[in-house]
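The values are calculated or read from the model by the stated rules, or taken from the named source; none is laboratory data. Note that the structure is predicted; figures quoted are calculated from it, not measured. Glycine also receives a Cβ, built like all others from the backbone with ideal geometry; neighbour counts cover every protein chain displayed.
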Amino acid sequence: MTLFLQLGFQGIALGMVYALIALGFVIMTKGSNTFNFAHGEFVAVGAYVVLALMPHLPYWLAFLGSIVVTVALALLVEATLLRRLLDKGLTTVVLATLGVSIMVHALILMVWGVGTKGSAGPVGSGTVEVGGVVLPLSGIATIVASVIVLAALLVFFRRTPYGLALRATASHQEAALAQGIDIGRMFALSWAIAAVLAVVASIFLASFPRVVSPSIALVALAAIPAVVIGGMDSLIGAVVGGLIVGLIQVLGAGYLADYGGGKLHEVLPYVLMLLVLVVRPYGLFGSRGIERV
Amino acid sequence: MTTTVSAPPTGSAPQPEVAPARRRRVRAGTIGLVAWLLGMVLVPWLGISDLWMGVGIFAIIAAVGALGIQVIMGFTGQISLGHSAFMAIGAYSSAWLGVEQEQPFWVWLPAAALVAGLAGALFAPIAVRIRGLYLAVGTIALVFIGAYVWETWTTVSGGAGGRLAAPVEINGQDLLDGYWSGGTQVMTLFQAWWYFAFAVLLVVMVLTWNIRRSRLGRSMLAVRDRDLAAGVVGIPVTQTKTVAFAISSAFAGVSGALLTAYMGYFTPGQWSLMLSIDFIAMVVIGGLGTITGAVLGAFFFRAVPEVVNWLSAYLPGISQDAKVDGGVTAPLLSQFVYGLLIVVILIFEPRGLNQLCRKPFRWIQQRREGAR
């Protein structure tokens with residue numbers, strides 16, 4: 001039971017990280033009708049910049065600096081590339097973001113090399129014991145920070161004019177345009193929000209016991225099953241999907257280590273994703289936009 | 001339009017030239033095809049270095065896979081990021097048949113197509129339920145599940161260390177040793193493999209060409225343009241998509257089997273998401289929906305990294321081998337240029353290289369028509 005609670009806690013912590021990344025995917029998809037395959041590399045950029053600034057600045061300034069850099073990168077990609085390709089069809093957009101992903105990955109390796117670096121988390125490797133269950137401080141920080149960010153996002157979408165404008169754009173672009181909403185600015189805003197979420201996710205993805213390495217972008221891609229499981233246009237779905245994927249991975253790593261070569265937990269999210277696509281192609285919370293023919 | 005102008009009699013009669021314009025364009029295409037075929041046959045004897053012959057062979061093999069992607073993406077309009085998994089299935093089934101079962105290449109090569117095609121048909125029930133973005137994202141699962149299977153199923157894959165690939169033996173000679181006749185080497189390994197891969201590519205090209213012109217091909221195009229409308233006019237949409245998936249996976253399987261046979265040895269790590277992206281880039285940048293585009297894209301994207309590698313020797317500040325702590329290296333630079341080219345070409349000519357190459361000809365044609 002202790003083991004279960006411990007794994008469950010870590011699963012939820014990892015799941016919150018996936019939820020933040022998945023939310024980024026969903027917000028970009030809803031806000032600007034594009035799926036950004038380079039989002040994993042945005043997460044990597046966030047982690048690397050925090051790590052680079054940490055020795056020179058207080059942690060919160062390093063974090064803010066990373067947000068500035070990552071948001072600038074996202075806005076650059078959105079303005080120079082995605083805006084031009086919006087009317088060119090899905091294939092073009094998919095390939096373009098994949099191209100950006102390859103470029104950013106090469107740049108990261110050029111600047112920081114292929115080696116693994118230290119941890120970029122806000123808290124160290126300490127633990128607290130609650131009723132016999134050992135909880136890492138980094139996990140507690142992850143959950144607390146994610147909940148705060150999610151609450152802030154909720155307030156933003158529900159209570160601010162920009163949030164309302166974003167929701168309007170997502171639900172009907174032409175109608176939003178007719179109401180005087182600057183659609184282009186909303187596209188940029190959705191990418192900026194996604195980039196901020198990517199940075200928040202990155203510092204927890206790279207906190208104890210994990211470290212910053214070039215494969216962090218690939219780890220971030222595990223949020224893709226979360227997006228599909230939850231439904232590609234559902235914010236709640238992204239959070240639930242993220243938690244499911246996190247729990248499956250950690251519980252799978254704990255209990256299925258003796259089966260299937262000990263790496264079964266790495267593919268379980270993808271298997272579940274395919275199952276969900278068979279049973280509910282639009283995800284658990286997605287709208288039934290995609291019909292079967 | 002030139003009737004009002006009393007042009008000086010230069011001896012040319014403009015009127016009869018208008019009618020055969022269409023025939024002339026067809027002939028230009030035929031001339032291009034014949035020139036390409038002749039060129040491909042002659043290339044091995046032009047004294048090209050082994051390095052570039054190798055790149056060419058990789059390009060020919062990639063073109064086979066790219067044609068498979070063309071069937072599913074270009075013709076049927078379904079994005080698949082999972083085709084590296086089908087390549088792997090072709091590779092492993094061919095290696096098992098060629099090494100463990102000691103079958104000749106004319107058994108393992110079609111078998112690779114068959115097994116990969118079957119795998120594609122098995123995945124199709126999931127794929128036909130989802131469309132567009134969901135399909136693109138969903139097919140990623142294939143790559144990761146595949147990677148897990150290859151790493152875990154060590155009796156077939158040899159584990160992380162890799163395994164031997166099936167040998168291509170003609171007249172009892174391994175093609176990787178070149179082709180010998182009476183104690184003298186008639187063809188080097190590169191020349192022999194060039195022709196072998198080219199022969200397979202020609203077969204796949206003719207198949208793709210025929211698919212495109214058949215009832216099935218027209219159904220695929222209809223499904224691509226609007227699957228709902230295609231269903232309304234009586235095209236079996238699900239069946240068409242399933243067949244398209246099977247065919248394209250079969251081509252991917254052939255490409256995977258050829259690729260590993262040429263390399264002689266392969267590891268589970270090479271069937272990555274990057275390989276799938278590679279093929280999508282070839283097809284989209286080459287030109288969606290055309291056979292020329294797929295072949296063009298394959299040669300382009302196999303040549304680019306090598307060209308950058310070659311150029312980087314002349315550029316300052318670029319080291320030739322990988323570094324742990326950063327720095328611009330030749331492989332990283334070629335990777336960056338690869339991504340940059342995808343993005344730049346998409347911005348300036350989203351219809352691909354195929355259209356880009358035709359632009360000068362079209363410009364000349366317009367000038368000539370304008371001058372008349």
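Structure above, values below:
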| quantity | calculated |
| --- | --- |
| Helices (runs of 4 or more DSSP H) wholly inside segment A:179-293 that include at least 3 residues being surrounded by fewer than 18 Cβ atoms within 10 Å (Cβ to Cβ) | A:183-205, A:235-255, A:264-279 |
| Of all residues making up segment B:118-156, the number that are more than 8 Å from chain A (Cβ to nearest Cβ), assigned to a helix (DSSP H, G or I) and among the hydroxyl-bearing types (Ser, Thr, Tyr) | 2 |
| Failed item in (1) under 30 Å from B:Trp194 (Cβ atoms); (2) of a type in the set (Gly, Ala, Ser); (3) touching a residue at least 24 places away in the same chain (Cβ under 8 Å), with B:Ala127 passing the rest | (1) |
| Any chance A:Val45 is closer than 20 Å to A:Ala96 by Cα and over 11 Å from the mean Cα position of the chain (by Cα) | yes |
| Residue among B:Thr329, B:Thr260, B:Thr292 that is within 24 Å of B:Trp193 (Cα to Cα) and touching a strand residue (DSSP E or B) at 6+ places or on another chain (Cβ under 8 Å) | B:Thr260 |
| Complete set of residues in segment A:136-165 that are farther than 19 Å from A:Ala19 by Cβ and surrounded by 11 or more Cβ atoms within 10 Å (Cβ to Cβ) | A:Leu137, A:Thr160, A:Tyr162, A:Leu164, A:Ala165 |
| Hits in segment B:243-275 - residues which are surrounded by fewer than 20 Cβ atoms within 10 Å (Cβ to Cβ) and under 16 Å from B:Gly54 (Cα atoms) | B:Met263, B:Gly264, B:Tyr265 |
| All helices (runs of 4 or more DSSP H) inside segment A:1-99 with 3 or more residues being closer than 15 Å to A:Val196 by Cα and free of Cβ contacts under 8 Å to residues at least 24 places away in the same chain | A:59-77 |
| Looking only at segment B:344-370, and only at residues there that are facing chain A (nearest Cβ under 7 Å) and aliphatic (A, V, I, L, M), the one that is surrounded by the most Cβ atoms within 10 Å (Cβ to Cβ) | B:Leu346 |
| In segment A:77-109, the residues that are modelled with pLDDT of 90 or more and at the interface with chain B (Cβ under 7 Å from one of its Cβ atoms) | A:Leu95, A:Ala96, A:Leu98, A:Gly99, A:Val100, A:Ile102, A:Met103, A:Ala106, A:Leu107, A:Leu109 |
| Of all residues making up segment B:104-151, the number that are at pLDDT below 90, surrounded by fewer than 24 Cβ atoms within 10 Å (Cβ to Cβ) and of a type in the set (Val, Ile, Thr) | 3 |
| Which numbered condition A:Gly260 misses (of (1) modelled with pLDDT under 85; (2) more than 12 Å from chain B (Cβ to nearest Cβ)) | (2) |
| Residue check for B:Ile291: of a type in the set (Val, Ile, Thr), within 26 Å of B:Thr76 (Cβ to Cβ) and touching a Ser or Thr at 6+ places or on another chain (Cβ under 7 Å) | yes |
| Unmet criterion (only one of (1) more than 14 Å from chain B (Cβ to nearest Cβ); (2) within 23 Å of A:Ser66 (Cα to Cα); (3) at pLDDT below 90) for A:Gly254 | (2) |
| Where a residue in segment B:328-343 is within 7 Å of another protein chain (Cβ to nearest Cβ) and under 14 Å from B:Leu315 (Cα atoms) and its partner, wherever it lies, is in a helix (DSSP H, G or I) and among the hydroxyl-bearing types (Ser, Thr, Tyr), with Cβ under 6 Å and at least six apart | none |
| Residue in segment B:190-208 that is over 26 Å from B:Leu38 (Cβ atoms), within 25 Å of the chain's Cα centre (by Cα), surrounded by fewer than 21 Cβ atoms within 10 Å (Cβ to Cβ) and not small (Gly, Ala, Ser) present | no |
| Hits in segment A:235-293 (condition: touching an Asp or Glu at 6+ places or on another chain (Cβ under 8 Å) and β-branched (Val, Ile, Thr)) | A:Val293 |
| Condition broken by B:Arg302, with the remaining ones in (1) within 12 Å of chain A (Cβ to nearest Cβ); (2) more than 28 Å from B:Arg213 (Cα to Cα); (3) crowded, with 21+ Cβ neighbours inside 10 Å satisfied | (1) |
| Subset of segment B:184-211 [of a type in the set (S, T, N, Q) and either touching a Lys or Arg at 6+ places or on another chain (Cβ under 8 Å) or farther than 21 Å from B:Pro167 by Cβ (or both)] | B:Thr184, B:Thr208, B:Asn210 |
